[in-house]
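Visitor: Mind looking over this structure? Questions follow.
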Amino acid sequence: MTRKVLLVGESWVSSASHYKGFDQFGSVTFHTGCQPLIDAMAGTEYEVTHMPAHEAQDGFPFDIEAIRAWDIIILSDIGASTFLLPQRVWIHSQTAPNRLRLLKQWVEEGGSLIMAGGYLSFQGIDGKARWRNTPVEETLPVKCHPWDDRIEIPEGASAELVQPDHPILKGMPKDWPPLLGVNEVMLKDAPEVELLARLPEDQGGHPLLATGTFGKGRTVVWTSDMSPHWLSPAFCAWDGYKALWLNMFDWVLARD
């Protein structure tokens with residue numbers, strides 16, 4: 001059976017100014033950060049559709065029926081404002097469905113949601129991702145801080161497995177390639193929340209991988225990236241990368 005996964009975000013546009021003596025010119029480049037995941041899922045039962053960040057403003061569904069068409073939704077490196085400010089609101093000052101509330105309803109009914117880390121995940125750079133105190137945050141096993149939550153780890157950090165026998169980590173090697181950063185979050189104090197992996201204590205012990213339930217649905221947070229720069233190239237090329245994401249997908253879809 002093919003499972004439909006919608007990955008929202010993981011794209012950006014950068015502009016540069018180039019100066020060559022008297023002359024100057026500009027350039028614009030489009031980037032994506034999801035290719036390692038898409039490549040890893042090739043040939044599996046999971047069919048990943050990428051919705052770039054600039055398309056999500058008006059392309060992400062405005063009705064619950066369209067959201068229900070997806071088995072799993074991943075939010076990665078995309079801020080809450082993209083969902084709150086579609087063109088009809090931002091440009092035309094018209095009302096529109098609140099898609100953060102729709103995502104909460106979808107999870108509560110049995111949807112499977114994953115949030116992965118990045119500069120515009122959780123609270124993000126300069127606090128601009130703004131997932132704190134949103135309906136989506138209510139569904140997650142963690143709370144966002146009210147500030148810039150990036151933790152840069154230039155020296156690298158290895159994951160510390162807290163529950164190595166959990167289905168997401170079962171069979172995974174103990175030693176993982178280095179991570180170069182995470183979003184700092186607070187684990188919720190609730191019986192349905194499980195911390196599976198974290199940073200080492202001498203690097204803060206911050207949550208890296210956590211699971212939870214909300215209503216009939218399941219949620220997972222992975223507070224590092226799905227590709228460079230927070231994931232090292234060695235991590236993306238590691239056999240455990242594919243196994244980790246497959247296990248996350250399997251768990252978030254499982255129902256007792």
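The values are calculated or read from the model by the stated rules, or taken from the named source; none is laboratory data. As the structure is a computational prediction, the values presented were derived from the model and not from experiment. Here the Cβ is made from the backbone with ideal geometry for all residues, glycine too, and neighbour counts use every protein chain on show. Heads up: the accessible areas ignore ligands, DNA and RNA and are worked out on the full protein's heavy atoms, side chains in. Shrake-Rupley method; radii C 1.70, N 1.55, O 1.52, S 1.80 Å.
Visitor: For region 163-189, enumerate the residues that are more than 22 Å from W230 (Cβ to Cβ) and open to solvent by 30 Å² or more (accessible area, probe 1.4 Å). Please lay out each step first, then the result.
Guide: First, the residues of region 163-189 that are more than 22 Å from W230 (Cβ to Cβ): 163-167, 170-171, 188-189.
Q163, P164, D165, P167, K170, G171, K188, D189 - these are the residues of region 163-189 that are more than 22 Å from W230 (Cβ to Cβ) and open to solvent by 30 Å² or more (accessible area, probe 1.4 Å).
Visitor: Strands (runs of 3 or more DSSP E) wholly in region 44-158 with at least 3 residues that are within 18 Å of S224 (Cα to Cα) and open to solvent by 20 Å² or more (accessible area, probe 1.4 Å) - which ones?
Guide: 150-157
Visitor: Evaluate the following for K4: is it open to solvent by 50 Å² or more (accessible area, probe 1.4 Å) and within 22 Å of L253 (Cα to Cα)? Outline the logic, then answer.
Guide: Numbers: open to solvent by 50 Å² or more (accessible area, probe 1.4 Å): yes; within 22 Å of L253 (Cα to Cα): yes.
Judged against the criteria, K4 is a match.
Visitor: Something else now. Can you name the number of the only condition in (1) open to solvent by 50 Å² or more (accessible area, probe 1.4 Å); (2) among the β-branched types (V, I, T); (3) part of a loop (DSSP other than H, G, I, E, B) that V13 fails?
Guide: (3)
Visitor: Within region 205-241, which residues are out of contact with any Ser or Thr (no Cβ under 8 Å at 6 or more places or on another chain), surrounded by 17 or more Cβ atoms within 10 Å (Cβ to Cβ), assigned to a helix (DSSP H, G or I) and not small (G, A, S)?
Guide: Answer for region 205-241, where residues must be out of contact with any Ser or Thr (no Cβ under 8 Å at 6 or more places or on another chain), surrounded by 17 or more Cβ atoms within 10 Å (Cβ to Cβ), assigned to a helix (DSSP H, G or I) and not small (G, A, S): F235, Y241.
Visitor: Consider only pairs whose beta carbons are under 9 Å apart and that are at least six residues apart or on different chains; among these, list those whose first residue lies in region 236-256 and is under 16 Å from D39 (Cα atoms) and whose second residue is open to solvent by 30 Å² or more (accessible area, probe 1.4 Å) and of a type in the set (V, I, T).
Guide: Close Cβ pairs satisfying both conditions: K242/T44; L246/T44; F249/T44.
Visitor: Quick one: which of P97, P135 is under 30 Å from E65 (Cα atoms) and in contact with a Lys or Arg (Cβ under 6 Å, 6 or more places away or on another chain)?
Guide: Working: P97 fails: in contact with a Lys or Arg (Cβ under 6 Å, 6 or more places away or on another chain).
Unique residue meeting the criteria: P135.
Visitor: Based on what the data block shows, is M41 within 15 Å of L246 (Cβ to Cβ) and either surrounded by 12 or more Cβ atoms within 10 Å (Cβ to Cβ) or at pLDDT 95 or above (or both)?
Guide: On the way: within 15 Å of L246 (Cβ to Cβ): yes; either surrounded by 12 or more Cβ atoms within 10 Å (Cβ to Cβ) or at pLDDT 95 or above (or both): yes.
Yes; evaluated as a whole, the condition is true for this residue.
Visitor: Let me ask another. Which ones in region 190-204 are surrounded by 13 or more Cβ atoms within 10 Å (Cβ to Cβ), assigned to a loop (DSSP other than H, G, I, E, B) and not aliphatic (A, V, I, L, M)? Lay out the reasoning, then the answer.
Guide: As a first pass, look at region 190-204 and keep what is surrounded by 13 or more Cβ atoms within 10 Å (Cβ to Cβ): 193-199, 203-204.
Now drop any that are not assigned to a loop (DSSP other than H, G, I, E, B), which leaves 193, 199, 204.
Listed by number, the list holds a single entry, G204.
Visitor: Which residue pairs have Cβ atoms closer than 7 Å, lie 6 or more positions apart in sequence or on different chains, and pair a first residue in region 186-198 that is of a type in the set (V, I, T) with a second residue that is surrounded by 17 or more Cβ atoms within 10 Å (Cβ to Cβ)?
Guide: V193/P141; V193/L187; V193/A210; V193/G212
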